[in-house]
Amino acid sequence: MKPIASEHLLELAALLKERVGLHVRREGHSALRIAVAARLEGLAAVADSGAYLALLRSGAGDEELRRLLPLVTVGKTSFFRDERQFRALDAILPGLLERARSGGRRVAIWSAGCATGEEPYSIAMAAADAGAGPDDVEILATDVNPEAVAFAARGAYDPRRVREIPAHYLGRHFDRDGDAFHVRSGLRRYLRAIRPHNLVSSAFPRPAEGGWDVVFCRNVIIYFDTPTTQAVLAQFHEALAPGGYLFLGYSESLFRLFDGFELTEVSGAFLYRRPEAPTRAGPSAPLAPPSRPHLVQMPAAPPPVRHLSLVPPPAARPSAPAPDPEPLPLAPQEYLDAAVALFADGRFGAARELLERLLEKGGDDLAARLTLANLYGVLRQPDRARASYQAALALEPLSAEAHLFYGIHLLSGGDAEEAALELARALFLDPDLALGHYYLGRCREAQRDVVRARLAYRNALEAYRRRPDGRAQAFLGYYPDIPEDGSAFARAAEYALAAL
Ligand SMILES: C[S@@+](CC[C@H](N)C(=O)[O-])C[C@H]1O[C@@H](n2cnc3c(N)ncnc32)[C@H](O)[C@@H]1O
């Protein structure tokens, strides 16, 4: 292993704070060390951490820092995260098992972006509960972050993390040793492998036979820009068996991003499915002007979906954690869509109520946080907006979108200094954000820095030209006053340049 000096880790932590606002505490330095070691392994010309820091500070540094970032942060996860999706899994498992058994093969499930393992072990518990033995299923768990993978492979969780596991499952699948709950070997046997894999740059793994019956890739594509997401989805499409399911995070809509999957509702969760018969798969055709992807009129009316297989919801999970006295009557995605429809319709109070309720009852979610932050801004509640953007960034520190819209919010409040910092972070994470360059130009003007204002406006124009023809920028949150096709900003940047 190449040498890594502690003082270089300190410098690197400072660099991460400055460039992307990521706060790596002292306790996180061991994770930083592992991440740097993983990068150094693939960089033959870089001898040690000193040379690595020099590389990060050089002209090629931004690119390398972007590669390092996903290795440094471990995303938020939990056991049985999004209960509806696990109910959907419970509903489809018996059919998948039957089909696989009659074909003499195993049900193949891939947890892509598995973080610290809560997701694949939850899948294994669901499979065991459906009557599958370890030889009936093969579960693969992968993540780009080697430290997260190592944690998942250890399979030891503290009491706080296992709170979401129904008592019955905990007793059956975990051994308690002091303050740690260890995954029993019986459950571990359901997992074929837990290993590092980068969805962006590595070939996609295949199961022993055929394609994947189920792929979980939840709350991962939020890290990717539009072309990367489309490339990753094309590979999932290819790797799934015909009829196979793709589970995404509840706000990760593929609308306008990718054609080729069918949207289906199972037990209240929306899943994407590779059709049984071949169809044209690929990025969605460029679309005309912004209209919100998945709008629905009212909370009571779910978005239109093709109901391919409606499976009756199974009985509740045995001895699940204390039931929520007032559970959400709709799936979180339906709530979000309904709130967005109300927002678009100018019914701000009702939209705010729905979003606040969603966040309270349906769990934290980046799209809901950002939409609510923007809504608070529209409602002229800057402190709440600020707190909401900060909560979004605490949830996903590497979200370019969160930094971008927080920056725009700060600028609208007259804080050009802070706004420029946030916008620079957004642009570091995604240099193609024409919108970010444009607003950075506005910050520079407010700071009376004409030279840097010009540069930012030119960058906005260039970023706009780099974008494939007519391709709209897809944002997770909802911002009705921001045109998604970027041409309005390109024009505004041209005017601003002419006036400077
Ligand atoms: C927010 S966590 C989601 C964990 C889990 N899927 C869930 O929903 O609970 C996102 C995970 O995606 C991983 N990730 C980010 N970029 C990735 C990439 N290019 N390839 C594979 N995993 C990636 C991160 O390391 C992180 O562990």
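Given the structure, is Glu138 more than 14 Å from the ligand (Cβ to nearest atom) and in contact (Cβ under 8 Å) with a residue 40 or more places away in the chain? So Glu138 fits the description; yes.
Looking only at region 427-450, residues that are in a loop (DSSP other than H, G, I, E, B) and crowded, with 24+ Cβ neighbours inside 10 Å come to 1 in all. For beta carbons closer than 9 Å, sequence separation of 6+ or different chains, a first residue in region 155-170 that is among the small types (Gly, Ala, Ser) and a second that is assigned to a helix (DSSP H, G or I), the qualifying pairs are Gly155/Tyr121; Gly155/Leu187; Gly155/Arg188.
In region 62-82, of all residues being charged (D, E, K, R) and touching a residue at least 12 places away in the same chain (Cβ under 8 Å), the one that is farthest from the ligand (Cβ to nearest atom) corresponds to Asp62.
In the set Gly59, Gly50, only one residue is farther than 30 Å from Glu334 by Cα, surrounded by fewer than 18 Cβ atoms within 10 Å (Cβ to Cβ) and either within 11 Å of the ligand (Cβ to nearest atom) or without any contact (Cβ under 8 Å) to a residue 24 or more places away in the chain (or both); that residue is Gly59. Number of residues in region 166-186 that are at pLDDT below 95 and within 27 Å of the chain's Cα centre (by Cα): the value is 1.
Of the residues screened, Asp213 is one that is away from the ligand (no atom under 16 Å from the Cβ), over 30 Å from Leu429 (Cβ atoms) and in contact (Cβ under 8 Å) with a residue 60 or more places away in the chain.
Taken together, Gly113, Gly104 contain a single residue that is among the small types (Gly, Ala, Ser), assigned by TED's automatic domain parsing to the domain that holds Leu248 and surrounded by 21 or more Cβ atoms within 10 Å (Cβ to Cβ), which is Gly113. Are any residues in region 187-202 near the ligand (Cβ under 8 Å from one of its atoms) and either aromatic (Phe, Trp, Tyr) or touching a strand residue (DSSP E or B) at 6+ places or on another chain (Cβ under 7 Å) (or both), and if so, which ones? His197, Leu199, listed by residue number.
The values are calculated or read from the model by the stated rules, or taken from the named source; none is laboratory data. Note that the structure is a prediction, hence the values are computed from the model and not measured. When we count neighbours, we look across all protein chains shown, and the Cβ atoms used for this are built from the backbone with ideal geometry, even at glycine.
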